[in-house]
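Contents: one structure, followed by commentary.
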Amino acid sequence: MDINKNKSFNLIIPNMDKTLDLAIARSIEHSFSFVNIENQVNLPPIRQVFENNLRDGFGSWIRNLSRSNEGLISPSLGIGNTYPPISRSGFGFTVGIKIKLDYKIRFNFDMGMGYSVGGENFGGASTLHFSMYNHGLGTRAREKRMVYDVTASAYIIGGGGDGIPMPNYLLNYNTLSPFPDRHKWSAMWGQMLTWNSELNHRSFSIKDIQRQGLFGFRLGNIIKFSTNNDATILPYLGGRFLREKTDNGWTGGLILYTPLFEIGYQSFTGTGIAFDGKIAPVGGTDYKGTYYHQDSYNESLNKASSYLRFNNGFNSLTLDFFGDGWFQNWIHKIYKNPKFIYPHF
């Protein structure tokens with residue numbers, strides 16, 4: 001997807017509030033219309049009716065938004081179906097919104113923009129993403145306050161053939177490049193700079209910016225593999241912005257994508273300290289089988305997700321399984337690093 005005129009960025013915004021208000025208002029109207037029905041014996045609970053209609057109204061708003069701005073929203077989200085030629089350069093824009101209605105409203109919003117440049121077989125892109133959410137990885141266990149991620153990325157991609165669009169994942173499964181991979185065979189490599197508000201106690205400092213490496217490849221129209229990590233080893237070359245090693249925040253993930261479903265793993269940890277007072281990461285025989293020490297705040301940030309997602313155009317169903325960082329533990333065992341303790345929640 002590309003945008004060749006600056007005014008194109010403004011096509012989505014002007015009527016967004018108006019149409020969203022209308023969708024919610026209609027949902028509320030439909031929900032409470034049951035009050036006028038005389039025989040209410042077998043009616044579902046009013047809260048359930050309201051939630052169902054709110055989901056339907058919000059989904060209708062998103063579908064209408066995508067149709068009225070076709071091609072402006074990232075095709076990797078399943079919205080829109082017009083794509084620029086592989087060799088064209090230009091701006092891209094992507095929006096992702098997830099709302100889960102429970103006893104509390106759980107919310108995830110991601111907005112990204114970028115610029116791509118390149119030829120038919122080789123190119124690159126730079127992107128800037130802003131995310132805000134109140135559940136899942138990046139938040140503290142049993143806390144639901146809003147958390148913010150800011151992520152800048154730059155990557156190169158090379159390949160051949162003409163394939164169906166597949167997403168280029170960046171920091172996690174919610175952070176997608178505005179530019180899908182349209183090669184049939186490809187490989188990509190890049191770097192990201194990211195900052196998380198909860199890890200850094202909502203206090204920004206350049207020294208807290210984390211560097212992540214990303215790597216991926218695609219095999220035809222069958223699978224696409226993506227991985228990211230803050231490790232300093234090849235092919236990632238991660239660490240802090242100022243070249244220090246890190247093992248906290250968005251520590252790493254991997255995603256195997258197919259047109260029908262995808263599976264993956266990702267982990268987020270607080271800052272850990274080894275038994276000798278050294279800050280993570282450390283490694284070697286002396287640390288084998290040990291655990292990082294953490295205060296309650298940092299330990300509550302330790303979360304790992306193994307997920308399964310079914311894709312069907314605009315619609316998708318994601319099953320998140322939270323638990324111990326099994327993949328991280330396997331890597332730490334190989335490199336003789338201490339492990340993190342994952343809270344049960």
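Remarks
- Per-region count, region 324-338, residues surrounded by 12 or more Cβ atoms within 10 Å (Cβ to Cβ) and either assigned to a strand (DSSP E or B) or β-branched (Val, Ile, Thr) (or both): 1
- Flag if Ala304 is farther than 24 Å from Arg142 by Cα and of a type in the set (Gly, Ala, Ser): no
- Filtering Tyr292, Tyr265 for residues that are under 24 Å from Ile341 (Cβ atoms), of a type in the set (Phe, Trp, Tyr) and touching a helix residue (DSSP H, G or I) at 6+ places or on another chain (Cβ under 7 Å) leaves a single hit, Tyr265.
- Residue list for region 255-275, filter: open to solvent by 20 Å² or more (accessible area, probe 1.4 Å) and part of a strand (DSSP E or B): Leu256, Tyr257, Phe261, Ile263, Ile273
- Given (1) over 24 Å from Phe322 (Cα atoms); (2) surrounded by fewer than 22 Cβ atoms within 10 Å (Cβ to Cβ), index of the condition Phe179 fails: (2)
- Any chance Tyr169 is out of contact with any Lys or Arg (no Cβ under 9 Å at 6 or more places or on another chain), buried (at least 20 other Cβ atoms within 10 Å of the Cβ), closer than 26 Å to Ile97 by Cβ and not β-branched (Val, Ile, Thr): no
The values are calculated or read from the model by the stated rules, or taken from the named source; none is laboratory data. Please read these numbers as outputs of a predicted model, since none were measured by experiment. Cβ atoms come from the backbone with ideal geometry, glycine included; neighbour counts cover every protein chain shown. Protein only, heavy atoms only, side chains kept; ligands, DNA and RNA dropped before computing areas. Shrake-Rupley method; radii C 1.70, N 1.55, O 1.52, S 1.80 Å.
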